[in-house]
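**Q** Dumping the structure here so I can ask a few things about it.
The values are calculated or read from the model by the stated rules, or taken from the named source; none is laboratory data. The structure displayed is predicted, hence computed values, not measured ones. No Cβ is skipped: glycine too gets one built from the backbone with ideal geometry, and neighbour counts run over all protein chains shown.
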Amino acid sequence: MATQADAAEMEASRSMYRTPVGARIVAGIAAGALGGILMIGCMMIYASVTDAGATMPLKALGAAVYGVEALVAGPTAMAVGVAMQIGLSIVIGILFAMMLMSRETSTVGALFAGVVVGIALWAAMDLFVMPQANPTMAARIALMPLGYFAAHVAFGVGLAMTPTFMRTFTKERHERVRVSTQQILPI
């Protein structure tokens, strides 16, 4: 009888700490967008330092829609490239939040998982997706493989913020702060 009561109490306490689906989705959106921005920034800095031009990665992203003409098309191709990158990053962020993370995940665990996912994406994109989907970008990326790898690691660091965003977007954080304040300042 006691073991059933203990099991019921344990299940109730576990369900209290489950992250709501809405908080997971919003955290995935935030982490994915952050990762995408870090990735674009990393690529632009690397391209600028190597004298390829800071806008080259944005134009190469736009080449998925515009083809080789994206390299001379101007801001429209760059805007399309950024939109595609951020959109795909958000989708990956949501999947990451739904499948791998919880708000109890440690910072080190989240960082490890994010970087592993970033490196796995780098390998998949470099070996399979990019040569088929965007050969123009694949040719440009071949000129700066270190920057492309570092950008995917930066993307993983952005994904690692998922548990922090989950804690931020749940009510539990606010309730915990309120309770601890009442304990400190009795009324």
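**Q** Going by the structure shown, is T107 of a type in the set (S, T, N, Q) and touching a Leu at 6+ places or on another chain (Cβ under 8 Å)?
**A** On the way: of a type in the set (S, T, N, Q): yes; touching a Leu at 6+ places or on another chain (Cβ under 8 Å): no.
The answer is no for T107.
**Q** Sort through A73, A110, A77 and tell me the only one that's without any contact (Cβ under 8 Å) to a residue 60 or more places away in the chain, more than 16 Å from G36 (Cα to Cα) and within 14 Å of the chain's Cα centre (by Cα). So that I can check it myself, show each step before the final result.
**A** On the way: A73 fails: within 14 Å of the chain's Cα centre (by Cα); A77 fails: within 14 Å of the chain's Cα centre (by Cα).
Exactly one residue qualifies, and that residue is A110.
**Q** Now a separate question. Run down V72, V117, V82 and say which single residue is modelled with pLDDT of 95 or more and surrounded by fewer than 20 Cβ atoms within 10 Å (Cβ to Cβ). It would help to see each step written out before you state the result.
**A** Details: V72 fails: modelled with pLDDT of 95 or more; V117 fails: surrounded by fewer than 20 Cβ atoms within 10 Å (Cβ to Cβ).
Result of the check over V72, V117, V82: V82.
**Q** Within segment 42-69, track down each residue that is farther than 18 Å from V80 by Cα and either assigned to a helix (DSSP H, G or I) or in contact (Cβ under 8 Å) with a residue 40 or more places away in the chain (or both).
**A** Answer for segment 42-69, where residues must be farther than 18 Å from V80 by Cα and either assigned to a helix (DSSP H, G or I) or in contact (Cβ under 8 Å) with a residue 40 or more places away in the chain (or both): C42, I45, Y46, A47, S48, V49, T50, A52.
**Q** While we're on this one: From G87, G118, G93, which residue is touching a Phe, Trp or Tyr at 6+ places or on another chain (Cβ under 6 Å), within 30 Å of P20 (Cβ to Cβ) and small (G, A, S)? Outline the logic, then answer.
**A** Numbers: G87 fails: touching a Phe, Trp or Tyr at 6+ places or on another chain (Cβ under 6 Å); G93 fails: touching a Phe, Trp or Tyr at 6+ places or on another chain (Cβ under 6 Å).
Exactly one of G87, G118, G93 is touching a Phe, Trp or Tyr at 6+ places or on another chain (Cβ under 6 Å), within 30 Å of P20 (Cβ to Cβ) and small (G, A, S), namely G118.
**Q** Tell me, please, whether a residue that is touching a Cys at 6+ places or on another chain (Cβ under 8 Å) and on the phi < 0 side of the Ramachandran plot can be found in segment 127-147.
**A** yes
**Q** Can we say G35 is touching a helix residue (DSSP H, G or I) at 6+ places or on another chain (Cβ under 9 Å) and at pLDDT 95 or above?
**A** On the way: touching a helix residue (DSSP H, G or I) at 6+ places or on another chain (Cβ under 9 Å): yes; at pLDDT 95 or above: yes.
It is true that G35 is touching a helix residue (DSSP H, G or I) at 6+ places or on another chain (Cβ under 9 Å) and at pLDDT 95 or above.
**Q** Tell me which residues, restricted to segment 43-60, are under 16 Å from V153 (Cα atoms) and surrounded by 22 or more Cβ atoms within 10 Å (Cβ to Cβ).
**A** Correct list: M43 only.
**Q** Considering only segment 87-115, state which residues are under 19 Å from F169 (Cβ atoms), touching a helix residue (DSSP H, G or I) at 6+ places or on another chain (Cβ under 6 Å) and assigned to a helix (DSSP H, G or I).
**A** Listed by number, the residues that qualify are S89, I90, I92, G93, I94, F96, A97, M98, A110, G114.
**Q** Residues in segment 152-162: is at least one more than 17 Å from G28 (Cβ to Cβ), out of contact with any Lys or Arg (no Cβ under 6 Å at 6 or more places or on another chain) and not β-branched (V, I, T)?
**A** Within segment 152-162, the subset more than 17 Å from G28 (Cβ to Cβ) is 152-154.
The next check asks that each one be out of contact with any Lys or Arg (no Cβ under 6 Å at 6 or more places or on another chain); those that pass are 152-154.
When the remaining residues are screened for being not β-branched (V, I, T), the result is 152, 154.
Scanning segment 152-162 turns up at least one residue that is more than 17 Å from G28 (Cβ to Cβ), out of contact with any Lys or Arg (no Cβ under 6 Å at 6 or more places or on another chain) and not β-branched (V, I, T).
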